[in-house]
């Protein structure tokens, strides 16, 4: 089969079929009607479930399913009967599964294809099939392990709060943004840009985990993370801006915004005014600078933000120059400089402080 450049395009149909048989445990032998009948599930329920998961819709006479699809539908019905997948939770939870696993599968497939088609491989089709049988079981087992460990951590955090049934908890939220991303990205080719961003994301994750934080998501040139206490979040943000300010460190120059207060957690993401304020502070921060809100200032300094004297033209940090969790200047962990109030989208006269190590 000729490709657009006039060369030969590899026919990987056999490899795709081999991978499909391996992942679905056998070759497809059932139609959609067969699956519905064997699972005992109403068609409307099944179609909606598949749509939420992001699966392509098969026609009634398409032989596209296996007994694994039957078992999965039955399990979904059992979760509904157990009260886990209520009408209120079902759509959001299943959509999250679909989005998360679709992205993960896309990345893993690209990785396997790169390995199978790398220079020196004599039979790419056989190599794909070999990787499927050798690599995917290990990937699946590792994914299950990672999920279980994160489930343990999440359960521990949930049970540690005062109101375990509430989606809201007091958290420190940090946004970290690459300075000069647009100009730098223009000078890189596609592979260089991907490598640069992956390096940034990897270092951010390492720093966050080292200090007890959690990366919520990466948004291009920005990372959103949370920590259970303000001290951990401050350590994360300050280490990142310090590394970015080091000319000998490949980590890019960054700026950060941090806020502390009530945060709503839902399906792996975070919402609420505290998150919004952290994002606004990031847009206001200068390169290699961390800006914090009143909640973070009070948590880190042990002082009330209202006790800090009003700033003048350039800010006045006479009473808030050195502070730690105890508020004792002799044992202070941080330095603060109150800067001019500013108005940003959704918030008038937002009061930031510049955070530095003492």
Can you name every residue in segment 259-274 that is crowded, with 19+ Cβ neighbours inside 10 Å and either assigned by TED's automatic domain parsing to the domain that holds residue 150 or within 23 Å of residue 351 (Cα to Cα) (or both)?
259, 260, 261, 263, 270, 274
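Please determine whether any residue of segment 280-297 is more than 23 Å from residue 176 (Cα to Cα) and modelled with pLDDT under 95.
no
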Quick check on segment 215-229: of everything there that is under 18 Å from residue 103 (Cβ atoms) and within 9 Å of the chain's Cα centre (by Cα), which residue is modelled with the lowest pLDDT?
219
Within segment 117-129, identify whether any single residue is within 29 Å of residue 97 (Cβ to Cβ), assigned to a helix (DSSP H, G or I) and over 30 Å from the mean Cα position of the chain (by Cα), and answer yes or no.
yes
Working carefully through the options 49, 24, 30, 12, find the one that is at pLDDT 65 or above, surrounded by 14 or more Cβ atoms within 10 Å (Cβ to Cβ) and within 27 Å of residue 112 (Cα to Cα).
24
Would you list the strands (runs of 3 or more DSSP E) that sit entirely within segment 174-285 and hold 2 or more residues that are in contact (Cβ under 8 Å) with a residue 60 or more places away in the chain and closer than 28 Å to residue 155 by Cβ?
254-266
Which members of segment 241-258 meet the condition of being over 16 Å from residue 196 (Cα atoms) and buried (at least 20 other Cβ atoms within 10 Å of the Cβ)?
241, 255, 256, 257, 258
Kindly indicate whether any position in segment 52-59 is at pLDDT 85 or above, in a loop (DSSP other than H, G, I, E, B) and in the same structural domain as residue 130 (by TED's automatic domain parsing).
no
Close pairs from segment 123-135: first assigned by TED's automatic domain parsing to the domain that holds residue 22, partner part of a helix (DSSP H, G or I) and surrounded by fewer than 14 Cβ atoms within 10 Å (Cβ to Cβ), Cβ under 6 Å, at least 6 apart
125/14
May I ask you to list the residues in segment 286-306 that are assigned to a loop (DSSP other than H, G, I, E, B) and touching a residue at least 40 places away in the same chain (Cβ under 8 Å)?
287, 288, 289, 293
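The values are calculated or read from the model by the stated rules, or taken from the named source; none is laboratory data. As the structure is a computational prediction, the values presented were derived from the model and not from experiment. Here Cβ is always computed from backbone atoms with ideal geometry, including for glycine, and neighbour counts include all displayed protein chains.
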